[in-house]
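The structure under discussion appears below in the form of structure tokens.
The values are calculated or read from the model by the stated rules, or taken from the named source; none is laboratory data. Please read these numbers as outputs of a predicted model, since none were measured by experiment. Cβ placement follows ideal geometry from the backbone for every residue including glycine, while neighbour counts extend to all protein chains displayed.
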Ligand SMILES: *Cc1c(COP(=O)(O)O)cnc(C)c1O
């Protein structure tokens with residue numbers, strides 16, 4: 001039989017030639033500050049485990065108890081018979097935490113973005129999106145046969161222009177990342193909310209990297225700007241700071257009710273195992289009753305960022321625990337990552353087409369559970385390797 005997939009092999013060779021083929025790194029231990037990647041012990045600066053919840057004793061215990069009580073899988077989509085009381089209890093808890101009327105949990109953040117945008121927008125509408133929005137938002141936008149406008153990154157004049165040009169459409173949706181995942185900068189959501197009000201647009205924020213990080217008790221970007229009630233759709237993920245799994249939408253009751261009826265990525269997929277739900281519930285409790293986690297995250301962020309900047313590295317416009325170390329050409333970023341790995345540090349290179357050709361970087365994320373020794377050692381490694389490669 002002919003190999004119908006030969007073209008994929010050719011494509012892979014192509015990617016390899018351009019240095020764009022990335023094998024999967026293997027995490028050989030729990031997700032911790034120091035862990036094993038590809039068989040080597042490293043200080044891990046690549047995980048989104050902001051608060052160190054991934055293997056916290058309270059989370060383990062909550063998940064185990066849920067397995068004992070409810071079993072593991074649910075074996076049905078939410079709409080058939082996959083909704084247990086614990087799913088609803090969690091959605092109520094999450095809404096309260098987010099200070100909204102209601103919330104709805106999807107299997108993942110990507111499903112929340114895809115399903116929500118697809119469900120609420122139609123052919124006569126327009127979606128207005130920041131040029132650096134996450135791929136899962138872009139996917140959602142692509143699912144709708146409607147007009148699309150992209151505004152320059154965080155550019156409020158550009159957004160206003162797009163809104164002015166959009167008045168002829170039936171509805172307008174402005175959608176933005178809260179914290180941008182490649183640069184660690186924050187969307188001016190207060191200004192976005194005002195412009196959207198002025199031009200009668202629906203607003204949606206993707207708080208994947210703001211949840212558990214920004215605002216009081218990690219409530220996210222809306223709390224950070226204190227604009228509760230001014231953003232129509234608060235989307236986030238339970239898989240980053242909360243270190244479990246899932247995406248959610250928080251907002252008005254009618255938003256939740258409608259998405260249950262119409263969001264395809266909600267309807268056509270099996271509900272979370274109760275152990276996942278119980279772990280999420282414990283994480284939301286923990287972030288509120290143990291404030292040290294968010295505090296330590298920011299203490300470590302400030303400490304590490306200042307040290308890296310003092311070495312002379314360019315950290316761009318980062319305002320959050322995501323600190324890019326911007327080194328120009330792709331080959332610089334790839335070498336910096338490879339050489340620091342050899343010295344016991346794991347931070348991935350991010351190169352074109354994910355970022356522009358002259359802003360290739362190694363992206364670092366510190367967490368609440370890195371010790372001062374971890375961070376000092378990481379800074380030492382960046383200094384040694386940076387000097388060796390003539391980057392600083
Ligand atoms: C990670 C991420 C998502 C997807 O979340 P998952 O729960 O991992 O599917 C969505 N948006 C942004 C901005 C992200 O960084």
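May I ask you to verify whether residue 123 is surrounded by fewer than 13 Cβ atoms within 10 Å (Cβ to Cβ), away from the ligand (no atom under 16 Å from the Cβ) and within 26 Å of residue 171 (Cβ to Cβ)? It is true that residue 123 is surrounded by fewer than 13 Cβ atoms within 10 Å (Cβ to Cβ), away from the ligand (no atom under 16 Å from the Cβ) and within 26 Å of residue 171 (Cβ to Cβ). Among residues of segment 37-63 that are on the phi > 0 side of the Ramachandran plot and part of a helix (DSSP H, G or I), none has a Cβ under 6 angstrom from a residue that is surrounded by fewer than 21 Cβ atoms within 10 Å (Cβ to Cβ) and at pLDDT 95 or above at a sequence gap of 6+ or on a separate chain. Taking the criterion of being exposed (fewer than 15 other Cβ atoms within 10 Å of the Cβ) and without any contact (Cβ under 8 Å) to a residue 60 or more places away in the chain, would at least one residue in segment 231-246 satisfy it? No, segment 231-246 contains no residue that is exposed (fewer than 15 other Cβ atoms within 10 Å of the Cβ) and without any contact (Cβ under 8 Å) to a residue 60 or more places away in the chain.
Please determine whether any residue of segment 182-202 is within 12 Å of the ligand (Cβ to nearest atom) and under 23 Å from residue 101 (Cα atoms). No - not one qualifying residue is present in segment 182-202. When you scan segment 198-238, how many residues do you find that are under 24 Å from residue 302 (Cβ atoms) and part of a loop (DSSP other than H, G, I, E, B)? Matching residues across segment 198-238 total 13.
Apart from one condition, residue 250 fits all of (1) touching a residue at least 60 places away in the same chain (Cβ under 8 Å); (2) within 21 Å of residue 46 (Cβ to Cβ); the exception is (2).
Confirm whether residue 386 is touching a residue at least 60 places away in the same chain (Cβ under 8 Å), more than 24 Å from the chain's Cα centre (by Cα) and either assigned to a strand (DSSP E or B) or on the phi > 0 side of the Ramachandran plot (or both). For residue 386, the condition - touching a residue at least 60 places away in the same chain (Cβ under 8 Å), more than 24 Å from the chain's Cα centre (by Cα) and either assigned to a strand (DSSP E or B) or on the phi > 0 side of the Ramachandran plot (or both) - is not met. Of the residues making up segment 316-331, those that are buried (at least 20 other Cβ atoms within 10 Å of the Cβ) and in contact (Cβ under 8 Å) with a residue 40 or more places away in the chain are 318, 320, 321, 322, 323, 324, 325, 327, 330. Among the residues that make up segment 67-83, is at least one of them more than 30 Å from residue 257 (Cβ to Cβ) and out of contact with any helix residue (DSSP H, G or I) (no Cβ under 9 Å at 6 or more places or on another chain)? Scanning segment 67-83 turns up at least one residue that is more than 30 Å from residue 257 (Cβ to Cβ) and out of contact with any helix residue (DSSP H, G or I) (no Cβ under 9 Å at 6 or more places or on another chain).
Regarding residue 119, is this residue touching a residue at least 40 places away in the same chain (Cβ under 8 Å), touching a strand residue (DSSP E or B) at 6+ places or on another chain (Cβ under 9 Å) and at negative phi? So residue 119 does not fit the description; no. Reported count of residues in segment 1-36, each being away from the ligand (no atom under 16 Å from the Cβ), outside any loop (DSSP other than H, G, I, E, B) and modelled with pLDDT of 95 or more, is 12.
For segment 84-91, the count of residues that are within 17 Å of residue 235 (Cα to Cα) and surrounded by fewer than 22 Cβ atoms within 10 Å (Cβ to Cβ) is at least one. Checked across segment 150-157, the condition of being touching a helix residue (DSSP H, G or I) at 6+ places or on another chain (Cβ under 9 Å), more than 19 Å from residue 190 (Cβ to Cβ) and buried (at least 18 other Cβ atoms within 10 Å of the Cβ) holds for no residue.
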